[in-house]
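Q: Shown below is the structure under consideration.
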Amino acid sequence: MMSDQQITGGSAKNDGIPAGLWMRCPECGDMLFKKVVEENLHVCPSCQHHFRIGARLRVKQLLDEGTFEELFADIEPIDPLGFVDKKSYADRLKAEQLKSGEKDALVCGKGFVKGRPLAIGVMDPNFMMGSMGSVVGEKLTRTIELAAEEKLPLLIVSCSGGARMQESTLSLMQMAKTSAALGRLDEAGCLFISLLADPTTGGVTASFAMLGDFILAEPKALIGFAGPRTIWNTIKQELPEGFQRAEFLQEKGFVDFIVPRKDLRLEIARLIDYCVK
Amino acid sequence: MSTTTLEKSSSAPRPVLKHTLSFEQPLAKLEQQILELEAMQAQKQIDYTSELRQLRSNYTALLKKTYENLSPWETVQVARHPQRPQFRDYVELMCREFRELHGDRRFADDKAIVCGLARLGVHKIMLIGHHKGRDTKEKIACNFGCAHPEGYRKALRCMKLAEKFGLPVVTLVDTAGAYPGLGSEERGVAEAIAVNMMEMSRLRTPIVSVITGEGGSGGAIGIAVADRVAMMEYAWYSVISPEGCSGILWKGSDNAADAAAALKLTSKDLKQKGIIDQIVPEPLGGAHRDPHTAAHHLEQYLSKTLKDLKRCKIDNLLERRYEKFREQGVYASKTSRMTKVG
């Protein structure tokens with residue numbers, strides 16, 4: 001299910017990175033020199049707020065320079081159901097492709113982290129809020145199958161509002177498809193690291209994101225099944241402080257550990273060294 | 001469990017439906033006329049046989065016409081009919097024996113998902129399904145069929161038992177969705193659903209799933225990864241409820257009917273898209289009019305399917321189960337694993 005995140009957005013224009021030299025941190029309100037934020041891996045130097053970042057930027061931050069080999073890039077979305085709400089899905093796809101420069105919400109392939117080879121899939125919050133439809137499901141599954149076949153460790157970075165409504169039950173099926181593929185990866189004895197970035201909700205949380213051998217999260221990332229607004233509408237009660245944030249999930253036992261963005265490469269390399277012969 | 005809905009009825013009107021759906025108003029009116037005429041006949045000793053025959057035939061014709069032309073939104077309402085048979089009704093109508101098993105051995109016994117050992121025809125099975133509850137007390141106990149993580153974990157515990165002792169698993173899905181509440185999130189409902197899907201995809205025993213009423217999103221597929229997936233004729237199955245979809249895409253709940261149509265959530269749509277294997281027919285006018293016949297059709301489907309699946313070698317079954325879900329998805333691609341267009 002798509003979470004409330006889709007309503008509140010997270011599109012390029014309100015992810016806190018406007019054009020120009022200066023930007024304001026949505027968390028602490030400080031005016032920041034954009035270049036400094038970029039050099040700090042898109043983390044606010046004042047309050048450590050982790051900005052949402054696109055898939056390609058994430059790949060660039062995580063992998064050794066020049067080692068990324070993109071795969072399955074030819075897989076493109078089509079509108080299988082002729083879905084129309086206020087706008088047709090076909091038009092929405094075109095607009096999102098133009099806006100994000102991506103064909104859909106996942107970039108995947110192979111690369112190296114501190115010299116260690118791995119397969120990687122990264123969701124892109126700038127494309128329909130990183131939602132999972134047939135393309136995301138297919139590309140992820142191919143990446144998982146590739147990891148199993150080549151005995152590579154697998155890293156998936158989740159950043160998504162959930163399953164994509166416009167592909168309805170087909171999106172739902174991607175949850176089962178990716179989970180089944182991860183079952184095989186598990187049987188192949190391969191390492192799967194699931195990194196949860198802000199936000200990870202709905203059908204993405206309820207499938208591959210929660211199936212990691214290790215589940216890592218960025219600080220304060222929103223992680224949950226139902227969106228906070230849906231929950232509020234159901235129970236009509238104040239939600240506890242920090243509810244559905246990474247720290248809350250660690251407290252409740254669903255996240256192994258929280259990693260600030262600057263330490264991600266180190267921690268991933270460390271896990272690989274423990275688990276891969 | 002309520003038995004009021006289990007009275008034998010036929011397409012001829014009987015005053016068994018306490019709840020009339022809005023699109024069924026013309027039917028209810030006809031039904032009323034028939035009842036009045038019958039009463040008059042009994043009271044005044046006048047012979048209205050031919051008039052009654054005509055009215056009954058009109059009723060049946062209208063019932064047929066109404067149900068042949070249900071809109072997706074009307075189908076959703078039929079799937080939610082308060083008198084639609086539920087898990088415990090089906091157990092009573094189909095199974096010679098049912099030994100319920102409680103609890104996930106972790107936290108609690110979630111009454112929104114019921115599990116147990118059952119005999120269905122010649123088959124000994126593990127039967128699992130959502131139960132919404134009939135009266136207010138039972139509905140609250142069952143949380144209206146919206147399970148917490150412990151429901152999914154109980155289901156998995158029972159599936160593992162079935163695997164160990166070579167019993168096939170049958171799941172009956174009827175939920176608006178997993179419960180979106182505090183405890184549900186705290187105890188990891190997303191993780192529970194994810195683990196169930198992964199484990200079901202490799203469970204070494206045959207699995208059959210039938211969406212009997214509502215197939216609401218992750219809460220449904222969390223017990224519906226199977227060798228065969230079927231739907232009752234007027235069930236629905238989708239990534240989100242029509243109301244939820246309307247709320248997000250139309251910014252209000254007024255467009256639920258539009259959302260229901262856009263989501264392609266009926267059994268006919270999903271059979272056509274190859275997402276489900278079969279449609280289990282319902283009696284004329286829906287399962288709520290005739291639970292016995294509905295249960296009979298369901299039992300026939302399950303018996304036959306279990307017989308077929310038991311013949312297969314488990315490794316072949318697992319390979320096909322994997323491929324069944326692996327092939328789902330529609331996209332354009334130049335390179336193929338399974339390229340599908342249109």
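Q: Cut-off 10 angstrom, C-alpha nodes, Gaussian network model of chain A. Which of A:128, A:31, A:165 fluctuates the most?
A: For chain A, modelled as a Gaussian network with Cα springs under 10 Å, the answer is A:31.
Q: I would also like to ask the following. Can you tell me the FRET efficiency between residue A:234 and residue B:48 if r is taken as the Cβ-Cβ distance and R0 is 45 Å, rounded to the nearest 0.05?
A: 0.30
Q: Ok, one more. Scan chain A and note any complete DSSP helix (H) whose C-alpha atoms cover at least 27 Å along its axis and whose Kyte-Doolittle average is -0.5 or more.
A: Qualifying helices, which must be both long enough and hydrophobic enough, are A:168-187.
Q: How well do other chains shield peptide A:76-83, expressed as the mean number of their Cβ atoms within 10 Å of each residue Cβ?
A: 5
Q: Can you tell me what share of the DSSP beta bridges in the stretch A:52-275 is antiparallel? A percent to the nearest 5 is fine.
A: In the stretch A:52-275, DSSP labels about 40 percent of beta bridges as antiparallel.
Q: What is the interface area between chains A and B, defined as buried accessible area summed over both chains with a 1.4 Å probe, reported in Å² to the nearest 100?
A: Using a 1.4 Å probe, the pair buries roughly 5300 Å².
Q: Rounded to the nearest 500, what is the 222 nm mean residue ellipticity of chain A from helices alone, with -39500 (n - 2.57) per DSSP H run of 4+ residues and division by all residues?
A: Computed ellipticity for chain A at 222 nm equals -10500 deg cm²/dmol.
Q: While we're here: Could you grab the relative contact order for chain B? Cα pairs under 8 Å, six or more apart, rounded to a whole percent.
A: Answer for chain B is 16 percent.
Q: While we're on this one: Report residue B:186's accessible area, 1.4 Å probe, all protein chains in place, as a number in Å² to the nearest 10.
A: My reading of the accessible area for residue B:186 is about 50 Å².
Q: If you count, for each residue, the other Cβ atoms within 10 Å and average over each peptide, how do B:279-285, B:223-229 line up from highest to lowest?
A: B:223-229, B:279-285
Q: To check you understand DSSP bridge types, tell me what percent of the beta bridges within the protein assembly as shown (both residues inside) are antiparallel, rounded to 5.
A: Roughly 45 percent of the beta bridges in the protein assembly as shown run antiparallel, per DSSP.
Q: Further, regarding this structure: Between residue A:36 and residue A:114, what's the calculated FRET efficiency when r is the beta-carbon distance and R0 is 22 Å? Round to 0.05.
A: After rounding to 0.05, the efficiency reads 0.30.
Q: With +1 on each Lys and Arg Cβ and -1 on each Asp and Glu Cβ, how big is the dipole of the protein assembly as shown about its Cα centre, in debye rounded to the nearest 20?
A: 980 debye
Q: Continuing with the same structure: Can you give me the long-range amide H partners of residue B:107? Hydrogens built in the peptide plane at 1.01 Å from N, cutoff under 5 Å, separation of 5 or more residues or another chain.
A: Here nothing satisfies the definition.
Q: How far, in nm, would the chain grow between residue B:303 and residue B:320 when pulled straight, counting 0.36 nm per residue and subtracting the alpha carbon separation?
A: So the chain would gain 4.1 nm between residue B:303 and residue B:320.
Q: Also: Based on the alpha-carbon gyration tensor of chain B and its eigenvalue square roots a ≥ b ≥ c, which shape applies: rounded if a/c is under 1.5, prolate if not and a/b is larger than b/c, or oblate?
A: Because a/c hits 1.5 or more and a/b exceeds b/c, chain B counts as prolate.
Q: Now, a different point. Averaged over B:176-188, how many beta carbons belonging to a partner chain fall within 10 Å of each residue's beta carbon?
A: 6
Q: A further question on this structure: Once label points are set 7 Å from the Cα along Cα→Cβ at both residue B:140 and residue A:250, what is their separation, rounded to one decimal in nm?
A: Each label point is offset 7 Å from its Cα along the Cβ direction, giving 4.0 nm.
Q: Sorting B:271, B:137 by accessible area (1.4 Å probe), largest first, what list results?
A: B:137, B:271
Q: Mind checking A:201-212 for the average number of partner chain beta-carbons within 10 Å of each residue's beta-carbon?
A: 6
Q: Based on the Cβ-Cβ distance from residue B:92 to residue B:311, what FRET efficiency comes out when R0 is 41 Å, to the nearest 0.05?
A: About 0.90, to the nearest 0.05.
Q: Okay, moving on. Once you place label points 7 Å from the Cα toward the Cβ at residue B:119 and residue B:254, how far apart are they in nm?
A: 5.8 nm
Q: Treating only the Cβ atoms of Lys and Arg (+1) and Asp and Glu (-1) as charged, compute the dipole magnitude of the stretch B:78-331 about its Cα centre; round to the nearest 20 debye.
A: Roughly 800 debye, rounded to the nearest 20.
The values are calculated or read from the model by the stated rules, or taken from the named source; none is laboratory data. All figures in this text were calculated on a predicted structure; none of them were measured in a lab. Heads up, the Cβs are rebuilt from the backbone with ideal geometry, glycines too, and the neighbour counts pull from every protein chain shown. What goes into the accessible areas is simple: the full protein's heavy atoms, side chains included, and nothing from ligands, DNA or RNA. Shrake-Rupley method; radii C 1.70, N 1.55, O 1.52, S 1.80 Å.
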